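*Asks:* Dumping the structure here so I can ask a few things about it.
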Amino acid sequence: MDSSSTRRQNTRRKLFAAAVTLIAEQGFSSTTVDEIAERAGVAKGTVYYNFASKTDLFEELLRHGMELLTRSLRAAAEEAAERGGGRAGALDAMIRAGLDFVARHPSLAQLYVAELWRTNRAWQPTLTRVRQQAVEVIESVLREAAAEGDGGPVSETDIPLTASAVFGMVLVAALDWQSFQPERSVDDVHAALSRLLQGRLNGVAG
C-alpha cells in the first residue's frame, strides 16, 4: 500500500472515531461537519474530500464498524476450529469476540443498535446488508453443527432465527454490561452467555 493510501486510511479512521463519539454524545442531527473536523483535528475540507456528506460519512462508519465485527467473528470461529474446539467451541469463541468488540467500541455498538430500528434512514439498506453478513457467519457455523449432528434440537428452519438471536443477544448483553454492570469481568459475562447458548442448543429448559 502506498503512502497516500495509508494517509487516507488514517484520516478516515480519525474521522470515524470523531463522528462516532460526537453522534453518540449528541445525536446525528445535532452533530455538524465542523464539529467532526475539529474533533478529528483536520480541516473541514478534509471531511468533504473523503466523504460526499455527513450522511455518507455516517453510512460508511456503520459499514466499516460492522465489517470489523464480522471479521472478528469469522476469525474467532476459524481459530477455534484450528484448535479442534468443534462447532460449539466456534460459537463460544464468537460470543467472546463479540463481547471484546463491544468493550473496545461501545459507542459504535450503541449507534448500531439504535439505528437498526430506524427504517427511514438513508443508510438503512447498507446497515441491513452488513448486519446480514455478520449474522451469516454465525449461521454458517450452526448449519455445519446441524449437518454433523452437533447442533442439538436446532432445526434447519430454526437456524436463521437462532443465528440472529445469538447476534442480538451478544450485542445487547454487552451494552447492558458496559452501561449497567461494568463491575463484572468479561470472563463473567462470557460464561453467562455461554451457558444460555448451550442451554438453547442442547434443549435445556431451566
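The values are calculated or read from the model by the stated rules, or taken from the named source; none is laboratory data. These figures come from a predicted structure and were not determined experimentally. Backbone-built Cβ (ideal geometry, glycine too); neighbour counts: all protein chains shown.
*Asks:* Quick check: is even one residue across segment 102-117 assigned by TED's automatic domain parsing to the domain that holds Ala165, more than 17 Å from Gly168 (Cβ to Cβ) and basic (Lys, Arg)?
*Replies:* Yes, because at least one residue in segment 102-117 is assigned by TED's automatic domain parsing to the domain that holds Ala165, more than 17 Å from Gly168 (Cβ to Cβ) and basic (Lys, Arg).
*Asks:* Are any residues in segment 145-185 at pLDDT below 85, part of a helix (DSSP H, G or I) and surrounded by 15 or more Cβ atoms within 10 Å (Cβ to Cβ), and if so, which ones? Break it down stepwise before answering.
*Replies:* Our first condition is that a residue be at pLDDT below 85; within segment 145-185, this holds for 145-158.
Filter again for part of a helix (DSSP H, G or I), leaving 145-147.
Answer for segment 145-185, where residues must be at pLDDT below 85, part of a helix (DSSP H, G or I) and surrounded by 15 or more Cβ atoms within 10 Å (Cβ to Cβ): Ala145, Ala146.
*Asks:* Of the conditions (1) surrounded by fewer than 16 Cβ atoms within 10 Å (Cβ to Cβ); (2) within 23 Å of Arg12 (Cα to Cα), Leu127 satisfies every one except a single condition; which number is it?
*Replies:* (1)
*Asks:* Let me ask another. Only one of these is at pLDDT 95 or above and of a type in the set (A, V, I, L, M, F, W, C): Ala114, Ala37. Name it. Write out each step before concluding.
*Replies:* Numbers: Ala114 fails: at pLDDT 95 or above.
Result: Ala37 is the single residue among Ala114, Ala37 that is at pLDDT 95 or above and of a type in the set (A, V, I, L, M, F, W, C).
*Asks:* Could you tell me whether any residue of segment 2-13 is assigned by TED's automatic domain parsing to the domain that holds Ala191, more than 19 Å from the chain's Cα centre (by Cα), free of Cβ contacts under 8 Å to residues at least 24 places away in the same chain and surrounded by fewer than 16 Cβ atoms within 10 Å (Cβ to Cβ)? Show your work before the answer.
*Replies:* From segment 2-13, those assigned by TED's automatic domain parsing to the domain that holds Ala191 are none; that's our starting set.
No, that holds for no residue.
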